[in-house]
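Step one of this worksheet: look at the structure below.
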Amino acid sequence: MRRLLVVFLLLGLAQAQPLRIAAAANLSPVLPELVAAYEAAHPGVQVGVSYGASGQLVEQIRRGAPFQVFLSASPDYVRHLAEGGVRVYAEAPFARSPLVLYVPSRLGIEPTGFDVLADPRVRRVVVANPAYAPFGKAALAALRRAGWYARVEAKLIFAANVSQAAQMTVQGADAGFLALSSALHPTLRQRGAYWRVPDDLYPPLLQVAAQLDPGPEAQSFVAFLSGDEARAILARHGYATP
């Protein structure tokens, strides 16, 4: 009887292990709602999420971090995983994120284009680190394509990821290149305004879900992100269909 009890306890502990997800930082405003919807539809399944820049998460996974799903802000990083020897059982694009230029209202400037960056009141412009963050790469690509990079290079300061870029922008910087989902967050909407960077100025910021574990939970979550309920949630947070 005691052995049976131990077996049942061990089984319960095994079942209680959360589905471990590594997620690009730009998803932090929307992923809690997605996780809640998924857990409601899958009783007994718990989801644990770690956020970071896509490139940094790739390094963690390569070093053996036990994530079962990777939500990247670019398909390039999923490819880097596979090229580095990490098995990707399946991958699926599930959203596209617009890039915006956000300016805090304390500056008294309404952003209507890149010309806001020439205003003398704008001295520090936050960009996610392009070495790891797709949003940083997109911001620099847009500045270069629009002919503004040389004019603002001296003003650029770098954040670890796009979520930190949002924090730095509202806490003291003068402007920042952010994900639309961050700019739509109630706190940022109350404290500033944004201008949407034209889509043709930067490579698409395509969100991709990669299944890193053969189990049914990982497979189910990746499939959920492409379903109608998830897409409705993503749309409310500013994401477009891929």
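A short reminder: the numbers here are calculations on the coordinates, not readings from a lab. Remember, it's a predicted structure, so these values are computed and weren't measured experimentally. Positions of Cβ are backbone-derived with ideal geometry, glycine not excepted, and every protein chain shown enters the neighbour counts.
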Work out the length of the dipole vector of the range 10-102 about its Cα centre, built from +1 on the beta-carbon of each Lys and Arg and -1 on the beta-carbon of each Asp and Glu, and round it to the nearest 20 debye.
-> 160 debye
Sum -39500 (n - 2.57) across every DSSP H segment of at least 4 residues in the chain, then divide by the residue count to get the 222 nm mean residue ellipticity, nearest 500.
-> -11500 deg cm²/dmol
With springs connecting C-alpha atoms under 10 Å apart, model the chain as a Gaussian network and identify which of P43, P203, P18 has the largest mean-square fluctuation.
-> P43
The longest stretch of the chain containing none of the trypsin sites (Lys or Arg not before Pro) that sit in a DSSP loop with at most 13 other Cβ atoms within 10 Å is 124-242
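Magnitude of the Cβ-charge dipole of the range 99-201, K/R +1 and D/E -1, about the Cα centre, nearest 20 debye? Write out the running numbers ahead of the final one.
Numbers: 12 positive and 7 negative charges, 40 e Å.
Dipole size: approximately 200 debye.
Among the helices of the chain (complete DSSP H runs), which have Cα atoms covering no less than 20 Å along the helix axis and a Kyte-Doolittle mean of at least 0.5? Intermediate values should be presented prior to the final figure.
Working: long enough: 2-16 (21 Å, 1.65).
Span-like helices, by this rule, are 2-16.
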Taking every DSSP bridge whose two residues both lie in the chain, the antiparallel percent to the nearest 5 is 55 percent
Bounding extents of the range 99-201 in its principal axis frame from Cα atoms, largest first in Å, are 30, 28, 23
